[in-house]
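See structure below.
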Amino acid sequence: MTTHVKIQTAPIPFIDVAAQRARLGARIDRAVSSVLESCRFVNGPEVAILEEQLAAFAGAKHAIACASGTDALAMILMSWGIKAGDAVFCPAFTFCATAEVVAWVGATPVFVDVKADTFNMDAESLDRAVAVAKASGLTPKAVMPVDLFGQAADYDALLPVAEKHGLKVLCDTAQGFGAAWRGKRTGSIGDASATSFFPAKPLGCYGDGGAVFTEDDALVPILKSVREHGQGVDKYENVRIGMTGRLDTIQAAILLEKLDIFEDEIRARETIAARYNALLGDVATVPVVAEGATSVWAQYTIRLAPGRRDALADALKNEGVPTAVYYRLPMHKQPAYSAFPADALPVSEALCAEVISLPMHAYLDEATQDRIIAAVRRALAG
Ligand SMILES: *Cc1c(COP(=O)(O)O)cnc(C)c1O
């Protein structure tokens, strides 16, 4: 029937970092050159300027730049003094770093299920997980909602449960920087937030980077001390155990240029996601953004009936369309994390068998979207 149509098979990139680089043109080269000329590779003036602009963008009081999203999460837990015997609640359906940092500080990650529609932490499961933690002899201390795939978590439901149990709220917005909940941008929600500037994240640098956000004035000097080996008033006085957590000046200079076009890129991602939703909604379960939330679409992730995913991935691959599975294993089934306590996690387990992500970035033009959409429709119709 459609045999006369020549199907294109040239490879499409999953995330097109080069297209953005072409748009920014010489701006990045100039920014990097200026750092090279200054030779202030660490703690250069661009870092403080970036911190100010990140805080303004997020509507947060303070932003503290650091070396990665993982370090940002760890710096917060270290600054709060989270330690052995403490329980920190993490979704089971997330990237490993969320729970990894809890184990770093000797505390216990306790896994919480997510909601089937938004893939974000389920407040009722959090409530049950607190009881599980107490029954295991742990002291509930903090919860780490993740703004998964770019969508702000359900803070209306989560914040009251956190308050009821006296939990600090550390928002893992590594994928969600730029998204909002009820008009508040991520970074300005909870007690502190962490984001990542890994190149594939919505706001990525050209290497590793991250940032902490907080409204808490008293936490800022502690975070900065942790970032610099626990330094005291003097650089060579160590008042706590810290780390090398600084963001390189070159990365800060690159991020300043990229932040400048980030709002525009978020709008482009929203347009692409809306188009995917409109043109794929009848053949797959397309992602849902909750009322009151926005997403920056770090991933565009659909759900299929169990058993159909691998055939779709193979069919798309043959047409040059890459896909990815985030995540194939829930955290409690990962060998390194299987011994930690958890609530029942049926939704996380089901999602791991059903989700698949399609190419998504701000420079995905309509012709390429159409190729991807047609390929998905062909594969799922067959
Ligand atoms: C990417 C990511 C991190 C870690 O960020 P890095 O900068 O790679 O260390 C943490 N949490 C989530 C949910 C992530 O997606």
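Values as computed for the structure displayed
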quantity	calculated
Every residue from the stretch 47-67 that is in a helix (DSSP H, G or I) and farther than 17 Å from residue 261 by Cβ	47, 48, 51, 52, 55
Condition met for residue 163 (more than 16 Å from the ligand (Cβ to nearest atom), more than 25 Å from residue 112 (Cα to Cα) and either surrounded by fewer than 23 Cβ atoms within 10 Å (Cβ to Cβ) or without any contact (Cβ under 8 Å) to a residue 40 or more places away in the chain (or both))	no
Filter result (in contact with a helix residue (DSSP H, G or I) (Cβ under 9 Å, 6 or more places away or on another chain) and part of a helix (DSSP H, G or I)) within the stretch 141-154	150
Filtered residue count, the stretch 68-92, keeping only those that are closer than 30 Å to residue 277 by Cα and not in a loop (DSSP other than H, G, I, E, B)	3
Pairs with Cβ under 6 Å, 6+ apart, first in the stretch 83-104 and near the ligand (Cβ under 8 Å from one of its atoms), second in a helix (DSSP H, G or I)	97/70
Test: residue 116 is over 20 Å from the mean Cα position of the chain (by Cα), open to solvent by 30 Å² or more (accessible area, probe 1.4 Å) and over 19 Å from residue 191 (Cβ atoms)	no
Count of the stretch 241-291 residues which are open to solvent by less than 70 Å² (accessible area, probe 1.4 Å) and either part of a loop (DSSP other than H, G, I, E, B) or among the basic types (Lys, Arg) (or both)	17
Subset of the stretch 202-240 [open to solvent by 40 Å² or more (accessible area, probe 1.4 Å) and within 16 Å of the ligand (Cβ to nearest atom)]	206, 208
Failed criterion for residue 95 (all others in (1) under 27 Å from residue 199 (Cα atoms); (2) assigned to a strand (DSSP E or B) hold)	(2)
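The values are calculated or read from the model by the stated rules, or taken from the named source; none is laboratory data. Model, not experiment: these values are computed from the prediction. Positions of Cβ are generated from backbone atoms using ideal geometry, with glycine treated the same way; all protein chains shown enter the neighbour counts. We work out accessible area using only protein heavy atoms, side chains counted, and drop any ligands, DNA or RNA first. Shrake-Rupley method; radii C 1.70, N 1.55, O 1.52, S 1.80 Å.
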